[in-house]
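Take a look at the structure below.
The values are calculated or read from the model by the stated rules, or taken from the named source; none is laboratory data. Predicted model only: the values in this text are computed from it and were never measured. All Cβ positions, glycine included, derive from the backbone under ideal geometry; neighbour counts span all protein chains shown. Ligands, DNA and RNA are stripped out before the accessible areas are found, and what is left, the full protein with its side chains, is counted by its heavy atoms. Shrake-Rupley method; radii C 1.70, N 1.55, O 1.52, S 1.80 Å.
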Amino acid sequence: MTDAQTSRAVGQEGRPAHGGTIIEIDGLNKWFDKFHVLTDISLTVSAGERIVICGPSGSGKSTLIRCINGLEKVQQGRIAVNGIDLTAKAGNIDAVRQEVGMVFQQFNLFPHMTIMQNCMLAPMRSRGKSKAEAEELAMKYLTRVRIGDQAKKYPSQLSGGQQQRVAIARALCMTPKIMLFDEPTSALDPEMVKEVLDTMIGLAEDGMTMLCVTHEMGFARSVADRVIFMADGKIVEQAPPEQFFSNPQHETTRNFLGQIL
Ligand code: ADP
Ligand code: MG
């Protein structure tokens, strides 16, 4: 690497610097029947950026991130992921899903498959990997989330925290450019939250582009480049964490922070 490349890769404060735009949302509006769930959402995310989305229950956080990998139909506006316009034609959804990994509150592992098989499925089906290649990938990422020794077990034999780490490894096996997390620690017993957050911090340190819906404000403070606060289907405000927590601009944000901090 040249010096210029090194400084771009490392950036300030040891955090990876950001690349070009990887997600572009412009004038997004979405309705469930007559209910206007997302209103005029515009958001640009740079490659390598870590974003935390918070806000009251029902504010549209899940719906917004589900729109980013085509799990929800968008009625108005444009979403482009890695240069692929999701809203342009139906066929683009598959292309976008190849780039985007998602981890849900409920781990959604297949109960009848081993941990290893859970991780091998998508690379074999969607990426055309051979069994041996998929096995190698699975082991690489299971090891990375420190759970390689559990590969032969079934999901029900693992703790919630371990299952969620498997869900993260499974998403990584598709070598996504972006990871979306929807309250990944909300269903966990308190003593398991840290192991999942630590896994996510590791991913952030490796430069993964991440959008995380979470109310783990310690995570937001230490990892996020930007915190976005949503209420009633709108982005109310967004700021770097130091600013967001010390000087929230809107009363709705202050009330919300007062309740959770
Ligand atoms: P959050 O994740 O911030 O709690 P959601 O995005 O899940 O919010 O939901 C936003 C609003 O949209 C809520 O009022 C919810 O009831 C409603 N909603 C979510 N999914 C659907 C759906 N499939 N059909 C109708 N309404 C929905
Ligand atoms: Mg939600």
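As an exercise: evaluate Ala90 against (1) under 22 Å from Ala204 (Cα atoms); (2) open to solvent by 40 Å² or more (accessible area, probe 1.4 Å) and give the number of the one condition it does not meet.
Failed condition: (1).
Of the residues Gly70, Gly60, Gly77, Gly55, which single one is more than 16 Å from ligand 2 (Cβ to nearest atom) and modelled with pLDDT of 95 or more? Let's see the steps before the verdict.
Values: Gly70 fails: modelled with pLDDT of 95 or more; Gly60 fails: more than 16 Å from ligand 2 (Cβ to nearest atom); Gly55 fails: more than 16 Å from ligand 2 (Cβ to nearest atom).
Unique residue meeting the criteria: Gly77.
Filter segment 233-254 for residues that are within 16 Å of ligand 1 (Cβ to nearest atom) and open to solvent by 20 Å² or more (accessible area, probe 1.4 Å) and give the result. Break it down into steps so the answer makes sense when it comes.
The initial filter retains those residues of segment 233-254 that are within 16 Å of ligand 1 (Cβ to nearest atom), namely 233-238, 252-253.
Hits for segment 233-254 are Lys234, Ile235, Val236, Gln238, Thr252.
Test each condition in (1) at pLDDT 95 or above; (2) assigned to a helix (DSSP H, G or I) for Gln238 and report the one that comes out false.
Of everything listed in (1) at pLDDT 95 or above; (2) assigned to a helix (DSSP H, G or I), Gln238 misses just condition (2).
Exactly one condition in (1) outside any loop (DSSP other than H, G, I, E, B); (2) within 16 Å of ligand 1 (Cβ to nearest atom); (3) surrounded by fewer than 19 Cβ atoms within 10 Å (Cβ to Cβ) is not met by Gln106; state its number.
Only one criterion in (1) outside any loop (DSSP other than H, G, I, E, B); (2) within 16 Å of ligand 1 (Cβ to nearest atom); (3) surrounded by fewer than 19 Cβ atoms within 10 Å (Cβ to Cβ) is unmet by Gln106, namely (1).
May I ask you to list the residues in segment 58-92 that are assigned to a loop (DSSP other than H, G, I, E, B) and within 12 Å of ligand 1 (Cβ to nearest atom)?
Here is the first cut: in segment 58-92, the residues assigned to a loop (DSSP other than H, G, I, E, B) are 58-60, 69-75, 82-83, 86-91.
Gly58, Ser59, Gly60, Leu71, Glu72, Lys73 - these are the residues of segment 58-92 that are assigned to a loop (DSSP other than H, G, I, E, B) and within 12 Å of ligand 1 (Cβ to nearest atom).
Quick test of your reading of the structure: Asp40 fulfils all but one of (1) part of a loop (DSSP other than H, G, I, E, B); (2) within 16 Å of ligand 1 (Cβ to nearest atom); (3) farther than 20 Å from Gln106 by Cβ. Name the failing condition by number.
Result: Asp40 passes all but (1).
Is it the case that Asn69 is open to solvent by 40 Å² or more (accessible area, probe 1.4 Å), touching a helix residue (DSSP H, G or I) at 6+ places or on another chain (Cβ under 6 Å) and touching a residue at least 12 places away in the same chain (Cβ under 8 Å)?
Details: open to solvent by 40 Å² or more (accessible area, probe 1.4 Å): no; touching a helix residue (DSSP H, G or I) at 6+ places or on another chain (Cβ under 6 Å): yes; touching a residue at least 12 places away in the same chain (Cβ under 8 Å): yes.
When the stated conditions are applied, Asn69 does not pass them.
Quick one: how many residues across segment 93-103 are open to solvent by 20 Å² or more (accessible area, probe 1.4 Å), assigned to a helix (DSSP H, G or I) and among the hydrophobic types (A, V, I, L, M, F, W, C)? Give the steps one after another, and end with the answer.
Keep residues of segment 93-103 that are open to solvent by 20 Å² or more (accessible area, probe 1.4 Å), which gives 93-95, 97-99, 102.
With assigned to a helix (DSSP H, G or I) added as a condition, the list becomes 93-95, 97-99.
Checking which are among the hydrophobic types (A, V, I, L, M, F, W, C) leaves us with 93, 95.
Qualifying residue count, segment 93-103: 2.
Being more than 16 Å from ligand 2 (Cβ to nearest atom), touching a Lys or Arg at 6+ places or on another chain (Cβ under 8 Å) and aliphatic (A, V, I, L, M) narrows it down to one residue among Met174, Met192; which is it?
Met174
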